[in-house]
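Student: Quick one: structure below, then a few questions.
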Amino acid sequence: MCQRIAEGTRWKTCGHFQRHLVKAIVDCQSTRCENSYRHTPGCRDHRCIKTFAQEIQMDIDSVDEYCFACRAAQARAAGIPLS
């Protein structure tokens, strides 16, 4: 499967990655992968791979906190309104 190379922020406390940009795509060179240049245009084979493999994450910065989603989940668990 082809892979995306993504740049983004790594939240150190929870370890999550916030993607900002897909910088490139690594082509797997498979005729069975719909994201590859080698895949036949107009192919209707339902067995072909339609998704990307796990992306390659490149940290361009890091923050020593929880990400937004984790902070919101913690606030909900504590009964704190988010507005």
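Student: Quick check, is A53 surrounded by 13 or more Cβ atoms within 10 Å (Cβ to Cβ) and without any contact (Cβ under 8 Å) to a residue 12 or more places away in the chain?
Tutor: Taking the combined requirement at face value, the residue does not satisfy it.
Student: While we're on this one: Within segment 66-80, how many residues turn out to be exposed (fewer than 13 other Cβ atoms within 10 Å of the Cβ) and either of a type in the set (G, A, S) or touching a helix residue (DSSP H, G or I) at 6+ places or on another chain (Cβ under 8 Å) (or both)?
Tutor: Residues meeting the conditions: 5.
Student: Can you tell me which residue is nearest to Q18 (Cα to Cα) among those in segment 37-83 that are polar (S, T, N, Q) and touching an Asp or Glu at 6+ places or on another chain (Cβ under 9 Å)?
Tutor: Ranking the qualifying residues of segment 37-83, first place goes to Q57.
Student: Being under 12 Å from M58 (Cα atoms), open to solvent by less than 80 Å² (accessible area, probe 1.4 Å) and free of Cβ contacts under 8 Å to residues at least 40 places away in the same chain is the filter here, so list the residues in segment 1-47 that pass it.
Tutor: V22, A24
Student: Now a separate question. For E65, indicate whether it is farther than 30 Å from W11 by Cβ, under 24 Å from the mean Cα position of the chain (by Cα) and in contact (Cβ under 8 Å) with a residue 12 or more places away in the chain.
Tutor: no
The values are calculated or read from the model by the stated rules, or taken from the named source; none is laboratory data. Everything numeric in this text was worked out from a predicted model, so none of it was measured. All Cβ positions, even for glycine, are placed from backbone atoms using ideal geometry, and neighbour counts span all protein chains on display. To get the accessible areas, we keep the full protein, side chains included, count just its heavy atoms, and leave off ligands, DNA and RNA. Shrake-Rupley method; radii C 1.70, N 1.55, O 1.52, S 1.80 Å.
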